[in-house]
1. Just one of (1) in contact with a Gly (Cβ under 8 Å, 6 or more places away or on another chain); (2) free of Cβ contacts under 8 Å to residues at least 24 places away in the same chain trips up E177, so point out which.
2. Restricting attention to the stretch 225-240, and to residues there that are hydrophobic (A, V, I, L, M, F, W, C) and not in a loop (DSSP other than H, G, I, E, B), which single residue is farthest from E403 (Cα to Cα)?
3. Here are some residues: V195, V222. Which one is part of a strand (DSSP E or B), more than 20 Å from the chain's Cα centre (by Cα) and surrounded by 21 or more Cβ atoms within 10 Å (Cβ to Cβ)?
4. How about the stretch 317-358: which of its residues are open to solvent by 20 Å² or more (accessible area, probe 1.4 Å) and within 19 Å of A147 (Cβ to Cβ)?
5. Sort out which residues of the stretch 166-215 are in contact with a Cys (Cβ under 9 Å, 6 or more places away or on another chain) and either closer than 20 Å to I120 by Cβ or of a type in the set (G, A, S) (or both), and write them in order of number.
6. Given the residues W240, W219, which is the only one that is over 25 Å from T416 (Cβ atoms) and among the aromatic types (F, W, Y)?
7. Tell me the helices (runs of 4 or more DSSP H) entirely within the stretch 51-168 that contain at least 2 residues that are at pLDDT 95 or above and open to solvent by 20 Å² or more (accessible area, probe 1.4 Å).
8. Of all the residues that make up the stretch 94-116, how many are under 22 Å from the mean Cα position of the chain (by Cα) and on the phi > 0 side of the Ramachandran plot?
Amino acid sequence: MVAVEFWGGLGVIGGSKIMIEDGGHRVLLDIGLDIPSGRDPFRRPVLLRPGRELSDRLRMGVAPRIPGLFDPDALTAAALGPVRGPAPAGGAAGSGWPALAAALAEPAGETAVFVSHPHIDHVGLAGFLREEVAVHAHTDAVDLLDALSATGQGLTHGDPAWRRLTDGQRTRVGPIEVECVAVDHDVPGASGYLVRTSAGVLAFTGDIRFHGHHPERSWGFVERAAECQVLVTEGTTLGWDPGARPRDETDVRRDFTELVERTPGLVLLSCYPRDLERVSTFLGIAAAAGRTVLWTEQTAALLRLLGVAEVLSSADVPASELHAAPGSYVVAPDPDDLASLLDLPVGDGYPAPVFVHANGEPLGPFEPRWEPFTDWLSALGIPLRQIGCSGHASQDHLHLMLERMRPSTVFPIHTTAPLRLHPPTGTARVVAEYAARYDFAGRAR
């Protein structure tokens, strides 16, 4: 029997992990970290203990207890103690961590992991995988992950031996065939997957949008996945209040152009550096307005490795030049060093500045860093303008996608509101439970 299990992304945004098993062979789609928020035991100010990042999460029930998946060395790096939550799949309950670690270290059938894109909530646990587990991702995603590692921003426990994929490439895992299909998101190498099994085809969107740089990629995925037996789709925006027309990259470009042209003083910027197309667009807009963009040294190093031209950091321009002509610069400060704002040419005696937030860090009001961030801007008299657009499909686009694909069964994940996804006639919607096994008709086994 072909079985589907969900080990993350249920009732939350992020943390996707979908296991498909066929004939003793396993394919895991994404291996993301849960984003600490709400009642998560590892939300700030809790710090992970070095060397126990995986074992502590497993003991607290916030990492998937899947036998045969994780590096045994990472499992043994823990002391004796209690374990919260149920026993692992296929494992017996025992007394504390040693029994759990032993159950998880047991070998399992051939397993391969396919990462949809290089965001921490989809790839964050990849560094802990067993050496024999093949780990695949689109080649552009691997380039970004390699650059992150080279600049001190890599995965905890190191990178796996990535196996690079290209759009349309098919990979066999026993009787299962997995096809990589490029989609549009806000990061290079974003992919969905078509998983062909003995029970039919399962399509996985990864994170997808239809209003970004390359909507044709996402609509191409929809065409290739039409009439699949199972669709596993992200539904991030289902939990948001539907409002006016969703913003797109045209809106972002227009607003950034207006702000860099009309702001007399310094423009501060929070922009997601992994969105290389937006970074390049912003650099061009700033240059056309006679401004130079200054990044943090770490971000500048990352962008240079990824081939972005003419990148400068704040260390490349003397502070005296910045203070003499703040209207000639855009500065992207370190979001974790708010005190550095005191060293910038803002406040009394300087022309009016603005802080432009374009989907960078801190990400938004749901993040613990957001309130201190806005408090500092208010105290320094720096107005905040939010001009970003979502990396996720709108509610309307999600429903249009379903109408075009018409799967037999749809599992909405990566959302706080899965019941807001209304499938067309003939499609069964199933809200999955954690670690439960389902067949392709959506029946729990």
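1. Failing condition for E177: (1).
2. So in the stretch 225-240, the residues hydrophobic (A, V, I, L, M, F, W, C) come out as 225-226, 228, 230-232, 238, 240.
Checking the rest, the ones that are also not in a loop (DSSP other than H, G, I, E, B) come to 230-232, 238.
Values: V230: 14, L231: 12, V232: 15, L238: 16 Å.
Looking at the filtered set, the residue picked out is L238.
3. Numbers: V222 fails: part of a strand (DSSP E or B).
Exactly one of V195, V222 is part of a strand (DSSP E or B), more than 20 Å from the chain's Cα centre (by Cα) and surrounded by 21 or more Cβ atoms within 10 Å (Cβ to Cβ), namely V195.
4. Of everything in the stretch 317-358, just one residue is open to solvent by 20 Å² or more (accessible area, probe 1.4 Å) and within 19 Å of A147 (Cβ to Cβ), namely D334.
5. Listed by number, the residues that qualify are G168, D186, S191, G192, Y193, G200, A203, R209, G212.
6. Numbers: W240 fails: over 25 Å from T416 (Cβ atoms).
After applying the criteria, what remains is W219.
7. On the way: elements: 53-59, 72-76, 97-105, 120-123, 139-150.
Fully inside the stretch 51-168 and qualifying: 139-150.
8. We begin by selecting, within the stretch 94-116, every residue under 22 Å from the mean Cα position of the chain (by Cα); these are 112-116.
Keeping just the survivors that are on the phi > 0 side of the Ramachandran plot gives none.
Residues flagged as under 22 Å from the mean Cα position of the chain (by Cα) and on the phi > 0 side of the Ramachandran plot within the stretch 94-116 amount to 0.
The values are calculated or read from the model by the stated rules, or taken from the named source; none is laboratory data. Only a predicted model underlies this, so the values are computations on that prediction, with no experimental measurement involved. Positions of Cβ are generated from backbone atoms using ideal geometry, with glycine treated the same way; all protein chains shown enter the neighbour counts. When the accessible area is computed, the model is the full protein with side chains, heavy atoms only, and any ligands, DNA or RNA have been set aside. Shrake-Rupley method; radii C 1.70, N 1.55, O 1.52, S 1.80 Å.
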